[in-house]
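These notes are about the structure you will find just below.
The values are calculated or read from the model by the stated rules, or taken from the named source; none is laboratory data. All of these numbers come straight from a predicted model, not from anything done at the bench. Every residue, glycine among them, receives a Cβ derived from its backbone with ideal geometry; neighbour counts consider all protein chains shown. Remember, those area values only see protein heavy atoms, side chains included, never the ligands or the DNA or RNA. Shrake-Rupley method; radii C 1.70, N 1.55, O 1.52, S 1.80 Å.
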Amino acid sequence: MCSSLETNNPNGGILIALRRHGILCTVFERDESADMRSQGWGVSIHSTLTTWEAHLLPEIYDGVCEAQVNPAIGRDEVRGVPWINGATGKVEQSVPKSKRLRIRKALMEGLDIKWGKRLVDIVKVEGGVRAEFTDGSTVLGAALVGADGSTSIVRKFLAPTTHELHRLPINALGCAVTMTEEQVNYFNDHVDPLYFMGTHPETDTFVFWSLLETPTAPGQTYRAQVYFSWITSDVDEELLKQPLLDLFKQKGRPFFPHMRDMVEALPEDTVVTKVNLVDWPYVEWDNWDGTCTLIGDAAHCMVIYRGEGVNHAIVDACQLADTIKSAADGHISISEAIRAYEKQMRPRAKEAVETSRQAGYDGHCYARVDKEGSFALLGEKPV
């Protein structure tokens, strides 16, 4: 049995899990090579590490665990994510523990990836599905899994009337910053060496800071990401007409001195990106009689405020691999395997999309989180 997968980000989770089960499958990746795009951000793994370990070959799992954003943090250490008062920088609460990793390269090793394959059509045929690509090539598979991200092409075929994303009334800007050892040490000593989030008590602007890279040789610098977001208002149309770097600095000025000074010192060539806050709450599609399905952001795109997206993608991959293994062993058909996976995934994913959306709203109201708490933003994240 062969499973065809089309993805715009070869996280490799489903392939690696299937490989452990001895099942052949292939990724068809739209990028021309692994180096075409910089993936930029790290990801936070929390409640799914044990699930992943059970489904990965030992050498792959070891590579994942070694892909630490900050090697100084022990391989087996997991940390809570601090929530700070944005004006003072003081840690006031903490999110349940997680591990911050950069795993893209670790997960790609040894996978069968066909590069430069942009999907244009999928057709149900006898015995499975045919995928067609812009280069004129086609491939047949027993099943097709759309792992192609929030703007999934596969989802457009499976959910033609509901595939569009839902835009939240939140504006956001993010950028990568170069940091000195002194700046990083301040965050390490007073907040956290890996990441923190917080809300400003006067502006209700949300901030997220996360370390991306640590020096591996003399003369190298630290790199981190900084993200500001705020609930949209009538003045935003004019605000967003100005250069994004100017607006980014404006949003950072009310924050505690070390954050303010770091943002204020950003050079003029800093690339600031406007981030669209979107989700896909439907989590429903036609699986073409059990021959096509979706995983990850393609199935349940959610906003970032709980850090759950990648963890649900991991569980998707492991659950789907297990049901496909049952089909390969002759216990059920491939269509039954697809349906069994979707039955497990849908209630879990729908709840996560909704809770992440609420976390987005709560994260922009300091008074609510400070006085009442917010399960959506700070509560346990069982996946």
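Residues in segment 325-349 that are surrounded by 16 or more Cβ atoms within 10 Å (Cβ to Cβ) and among the acidic types (Asp, Glu): Glu342 only.
Looking at (1) of a type outside the set (D, E, K, R); (2) under 26 Å from Arg130 (Cβ atoms); (3) open to solvent by less than 20 Å² (accessible area, probe 1.4 Å), can you tell me which one Ala313 breaks? Evaluating Ala313 over (1) of a type outside the set (D, E, K, R); (2) under 26 Å from Arg130 (Cβ atoms); (3) open to solvent by less than 20 Å² (accessible area, probe 1.4 Å) leaves (3) as the failure. Scanning segment 364-377 for residues that are within 18 Å of the chain's Cα centre (by Cα) and either crowded, with 21+ Cβ neighbours inside 10 Å or of a type outside the set (A, V, I, L, M, F, W, C) (or both) yields a single hit, Leu377.
Does Ala159 satisfy the condition of being in contact (Cβ under 8 Å) with a residue 12 or more places away in the chain and either charged (D, E, K, R) or farther than 30 Å from Thr293 by Cα (or both)? No; evaluated as a whole, the condition is false for this residue. When Gly307, Gly363, Gly373 are screened for being farther than 25 Å from Gly22 by Cα, touching a Phe, Trp or Tyr at 6+ places or on another chain (Cβ under 8 Å) and of a type outside the set (A, V, I, L, M, F, W, C), only Gly363 passes. Taken over segment 319-370, the criterion of being in contact with a Leu (Cβ under 6 Å, 6 or more places away or on another chain) and within 17 Å of Gly141 (Cβ to Cβ) is satisfied by Ala321, Tyr341.
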